[in-house]
Amino acid sequence: MLTIRDLKKVYAQRLAVDIDHLEIKSGEVIGLVGNNGAGKTTLFRMILDLIRPDAGEVLSKDQNVAKDTQWKNYTASYLDEGFLIDYLTPEEYFKFIGSLNGFNEAHVADCLNSYTDFFNGEILGRGKYIRDFSKGNQNKVGIVAALMQEPELLILDEPFANLDPSTQIRLKTIIKKLKERRGFTCLISSHDLNHVTDVCDRIILLEKGKVIKDFHTNENSLKELESYFSA
Ligand SMILES: Nc1ncnc2c1ncn2[C@@H]1O[C@H](COP(=O)(O)OP(=O)(O)OP(=O)(O)O)[C@@H](O)[C@H]1O
């Protein structure tokens with residue numbers, strides 16, 4: 001699904017991302033972990049062509065994301081509130097995202113219905129603009145906007161941050177369910193080692209922009225990561 005080759009991004013003469021080679025296969029659910037400033041968001045931004053690398057390339061289905069637009073048809077993401085439109089209500093925003101994907105209003109309403117538990121009564125029908133929601137509830141809007149597109153490739157940057165514990169658990173259930181869909185590929189960055197080892201099949205650990213560890217999760221993964229980060 002994704003091939004990363006000789007990818008480098010430099011900020012203030014420091015390498016924020018420096019990855020020689022990384023392959024993400026179709027159907028993998030990957031957890032990206034690393035301390036603050038490790039380069040997780042910068043990597044996601046290059047995968048989504050939000051910023052351009054200083055060297056190297058990101059290929060999505062063999063096409064360079066900076067040169068081809070095909071990837072936009074099967075990729076959805078939520079990195080931060082910058083993805084939202086503050087002056088819309090959640091309903092207006094979902095309708096807008098739906099229209100970009102060719103969904104009619106009935107289809108959007110059906111999709112939103114399936115996220116009733118996840119919304120927990122806090123998002124729809126509140127008569128509020130997105131800007132007036134709490135950070136956690138804004139995240140819910142952004143995450144559902146990405147999910148409702150039913151993307152083949154889903155990219156979420158720290159999706160558990162700011163969510164209450166019930167919503168974190170509901171999000172994990174949603175992702176586990178999506179894993180049953182053939183070819184569903186997902187990249188999730190998180191500081192929550194518990195969640196990430198619970199939901200992801202493979203963990204990539206970044207430090208100073210470099211891949212330090214890359215392994216498939218098993219029953220020892222949480223302990224190994226905890227001991228790495230406590231050292
Ligand atoms: N626009 C920018 N201008 C200057 N430096 C930047 C910029 N964006 C990122 N950086 C730097 O690049 C490095 C990687 O940052 P990045 O946000 O990708 O890390 P991260 O792993 O997502 O961190 P966190 O866990 O804190 O979100 C950091 O040193 C950061 O200060």
2 or more residues surrounded by 15 or more Cβ atoms within 10 Å (Cβ to Cβ) and modelled with pLDDT under 95: qualifying helices (runs of 4 or more DSSP H) within segment 62-178: none
Among (1) in a helix (DSSP H, G or I); (2) within 17 Å of ILE155 (Cβ to Cβ) - the single one LEU59 does not satisfy: (1)
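Give the number of residues within segment 35-84 that are of a type in the set (D, E, K, R), under 15 Å from the mean Cα position of the chain (by Cα) and away from the ligand (no atom under 12 Å from the Cβ).
Taking segment 35-84 as the starting set, the residues that turn out to be of a type in the set (D, E, K, R) are 40, 45, 49, 52, 54, 57, 61-62, 67-68, 72, 80-81.
From what is left, the residues that are under 15 Å from the mean Cα position of the chain (by Cα) are 40, 45, 49, 72, 80-81.
Restricting the remaining residues to those that are away from the ligand (no atom under 12 Å from the Cβ) gives 49, 72, 81.
Final tally of qualifying residues: 3.
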One residue from ILE155, ILE188, ILE204 being within 18 Å of GLY39 (Cβ to Cβ) and touching a His at 6+ places or on another chain (Cβ under 9 Å): ILE188
Cross-chain or 6+ apart pairs with Cβ under 6 Å, segment 13-34 first and closer than 20 Å to GLU226 by Cβ, then among the hydroxyl-bearing types (Ser, Thr, Tyr): LEU32/SER189
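Taking ASN120 as the residue in question, decide whether it is out of contact with any helix residue (DSSP H, G or I) (no Cβ under 6 Å at 6 or more places or on another chain) and over 20 Å from LYS172 (Cβ atoms). Show your work before the answer.
On the way: out of contact with any helix residue (DSSP H, G or I) (no Cβ under 6 Å at 6 or more places or on another chain): yes; over 20 Å from LYS172 (Cβ atoms): no.
No; evaluated as a whole, the condition is false for this residue.
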Failed criterion for ASN162 (all others in (1) under 18 Å from GLY82 (Cβ atoms); (2) out of contact with any Gly (no Cβ under 8 Å at 6 or more places or on another chain) hold): (2)
Any chance GLU152 is out of contact with any Pro (no Cβ under 6 Å at 6 or more places or on another chain), among the acidic types (Asp, Glu) and within 14 Å of the ligand (Cβ to nearest atom): no
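Can you tell me which of ILE123, ILE174, ILE204 is in contact with a Pro (Cβ under 6 Å, 6 or more places away or on another chain) and either touching a residue at least 24 places away in the same chain (Cβ under 8 Å) or within 16 Å of the ligand (Cβ to nearest atom) (or both)?
Working: ILE174 fails: in contact with a Pro (Cβ under 6 Å, 6 or more places away or on another chain); ILE204 fails: in contact with a Pro (Cβ under 6 Å, 6 or more places away or on another chain).
Checking each option against the conditions leaves just ILE123.
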Among the candidates LYS9, LYS95, residue that is farther than 26 Å from ARG170 by Cα and over 17 Å from the mean Cα position of the chain (by Cα): LYS9
Some residue of segment 43-57 being farther than 30 Å from ARG14 by Cβ and assigned by TED's automatic domain parsing to the domain that holds THR185: no
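Select, from SER190, SER221, SER227, SER134, the only residue that is under 17 Å from ASN120 (Cα atoms) and among the polar types (S, T, N, Q). Reasoning before the result, please.
Numbers: SER190 fails: under 17 Å from ASN120 (Cα atoms); SER221 fails: under 17 Å from ASN120 (Cα atoms); SER227 fails: under 17 Å from ASN120 (Cα atoms).
None of the others qualify; the one that does is SER134.
Collect the residues in segment 36-49 that are touching a strand residue (DSSP E or B) at 6+ places or on another chain (Cβ under 7 Å) and of a type in the set (S, T, N, Q), keeping them in residue-number order. Reasoning before the result, please.
We begin by selecting, within segment 36-49, every residue touching a strand residue (DSSP E or B) at 6+ places or on another chain (Cβ under 7 Å); these are 38-44, 46-48.
Within segment 36-49, THR41, THR42 meet the criteria.
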Matching residues in segment 25-34 - criterion: being within 9 Å of the ligand (Cβ to nearest atom) and of a type in the set (S, T, N, Q): none
Segment 1-24 - residue that is away from the ligand (no atom under 12 Å from the Cβ) and more than 21 Å from ASP157 (Cβ to Cβ) and, of those, surrounded by the most Cβ atoms within 10 Å (Cβ to Cβ): ARG5
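The values are calculated or read from the model by the stated rules, or taken from the named source; none is laboratory data. Owing to the predicted nature of the structure, the values given are computational and were not obtained by experimental measurement. Cβ atoms come from the backbone with ideal geometry, glycine included; neighbour counts cover every protein chain shown.
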